[in-house]
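Taken together, the values in this text are just the output of simple stated rules run on the coordinates, not laboratory data. Quick caveat: nothing in here was measured; it's all calculated off a predicted structure. Cβ atoms come from the backbone with ideal geometry, glycine included; neighbour counts cover every protein chain shown.
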Amino acid sequence: MKRRRFAALAPGIAVSLFGEAVTSAQTQSAVKLPSPQYDRGRPLMQVLKDRQTVRTFKPEALSQQDLSNVLWAAWGVNRSDGKRTAPSWANFQEIDIYVVLNTGVYRYDALPHTLEPVMAQDVRSSIQRTPPVGFVYVADFSKMRASSDEEKRFIAGTDVGFISQNIYLYCASEGLATVVLGGIDRAAMQKTLNLPDTKRVIHAQALGYKSA
Ligand SMILES: Cc1cc2nc3c(=O)[nH]c(=O)nc-3n(C[C@H](O)[C@H](O)[C@H](O)COP(=O)(O)O)c2cc1C
């Protein structure tokens, strides 16, 4: 597994995930998330009654536990054969969630339930309204069999819909705010995340604690 070194923000100091100070000499390796709390959640019919888009957030980031829960609900591994909480076309599992926080960008690795550091910059302003937490859905076209890029985009867009709805349901259950964002500048986001042509930005999603 490739490890990346985060740039120091001030001499001798870098900021690791969730704002904890570490020395710049340390290598930022994968962040192990706490185990998801499988006993959380309100009855499904009540959650569906409350499901909605909310576009304003408190400024603070989610706790590690909430981030763990929402990532697992979104696109975690829920069976011993490696399949996930959301369906995917032909089980391509082509979607990666890039987690955009004030401390940097991370890629969710579902099987070990970890966050892989991607970059140390705060790029939340590239997502509408600079949310406390942004998820960017990236499709790995090299994992997909289809006749054209257009078909791959269609498949990836469909698969993202299920992941996004899982997040909507988790947020409705737990009183968090979320909005899925199709209106992003995909080319700009592609550049910001330094993605190769085989990896394509599909949509984004903003989430956080509800403002009063
Ligand atoms: C694929 C998709 C893309 C969306 N893109 C945006 C967006 O870019 N900006 C935004 O504010 N809302 C966006 N939304 C949220 C919709 O505006 C919202 O779901 C709709 O108004 C219905 O509201 P509800 O989710 O509360 O039922 C998007 C929704 C979907 C399904």
(message) If the reach is capped at under 16 angstrom between alpha carbons, list the lysines near LYS143, excluding any in the same chain fewer than eight residues apart.
(response) LYS83, LYS152, LYS199
(request) For region 112-189, count all C-alpha to C-alpha pairs, find those more than 21 Å apart, and express that count as a whole percent of the total. (result) 42
(request) Can you spot the lysines whose alpha carbon is less than 30 Å from LYS58's alpha carbon? Ignore those fewer than 8 places along the same chain. (result) LYS32, LYS49, LYS191, LYS210
(message) Rounded to two decimal places and with Rh computed the Kirkwood way over Cα pairs, what is Rg over Rh for region 85-128?
(response) 1.06
(request) Could you tell me what % of all Cα pairs in region 150-212 have separations over 14 Å? (result) 63
(message) Can you give me the distance in nm between label points at LEU111 and GLN64, each placed 7 Å from the Cα along the Cα-to-Cβ direction?
(response) 2.4
(message) Please compute the alpha carbon radius of gyration of the chain, then divide it by the globular-protein estimate 2.2 N^0.38 Å. Two decimals is fine.
(response) 1.00
(message) Taking only the Cα atoms of region 53-114, how large is their convex hull per residue, in Å³?
(response) 109
(message) With a cut-off of 8 Å between alpha carbons and a minimum separation of six or more residues, what is the relative contact order of the chain in percent?
(response) 25
